[in-house]
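Student: Attaching a single structure in structure tokens format; questions to follow.
The values are calculated or read from the model by the stated rules, or taken from the named source; none is laboratory data. Note that the structure is predicted; figures quoted are calculated from it, not measured. Note: ideal-geometry Cβ built from the backbone for every residue, glycine included; neighbour counts use all protein chains shown.
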Amino acid sequence: MDFEGVVRRVRQEFLEMPGLRLTPAQAGRLWGLDGDICLAVIETLVAAAFLRRTPAGAVMRLEA
């Protein structure tokens, strides 16, 4: 698996679906990723200021 390719795919999904809000478990199921990889993808996109965590623990796109 190409990690950067997965990051790009997840980023594109959030761009195509404004308002998408997922828990890490939901994200893993949606994209067919195991827990550790899914968390790494999420952390990469949070660190890039593309995603943000909600108070409930979900992630969603950081709106400018």
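Conditions tested, residue by residue: (1) touching a Ser or Thr at 6+ places or on another chain (Cβ under 9 Å); (2) surrounded by 15 or more Cβ atoms within 10 Å (Cβ to Cβ); (3) modelled with pLDDT under 95.
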residue	(1), (2), (3)
Gly5	no, no, no
Arg9	no, no, no
Phe14	no, yes, no
Gly19	no, no, yes
Ala25	no, no, no
Cys38	no, yes, no
Glu43	no, no, no
Arg52	no, no, no
Met60	yes, yes, no
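Student: Restricting the search to region 1-26, which residues are farther than 12 Å from Val59 by Cα and in a loop (DSSP other than H, G, I, E, B)?
Tutor: Met1, Asp2, Met17, Pro18
Student: Quick check on region 40-57: of everything there that is assigned to a helix (DSSP H, G or I) and not aliphatic (A, V, I, L, M), which residue is farthest from Arg21 (Cα to Cα)? Don't jump to the end; show me each part of the working.
Tutor: So in region 40-57, the residues assigned to a helix (DSSP H, G or I) come out as 40-47.
In the following step, the residues that additionally are not aliphatic (A, V, I, L, M) were identified as 43-44.
On the way: Glu43: 15, Thr44: 17 Å.
Among those residues, the one meeting the criterion is Thr44.
Student: Answer yes or no: is there a residue in region 27-39 that is under 10 Å from the mean Cα position of the chain (by Cα), small (Gly, Ala, Ser) and assigned to a helix (DSSP H, G or I).
Tutor: Of region 27-39, the ones under 10 Å from the mean Cα position of the chain (by Cα) are 27-28, 31, 38-39.
Then drop every residue that is not small (Gly, Ala, Ser), which leaves 27-28.
Still in the list and also assigned to a helix (DSSP H, G or I): 27-28.
Within region 27-39 (the criterion being under 10 Å from the mean Cα position of the chain (by Cα), small (Gly, Ala, Ser) and assigned to a helix (DSSP H, G or I)), the answer is yes, since at least one residue qualifies.
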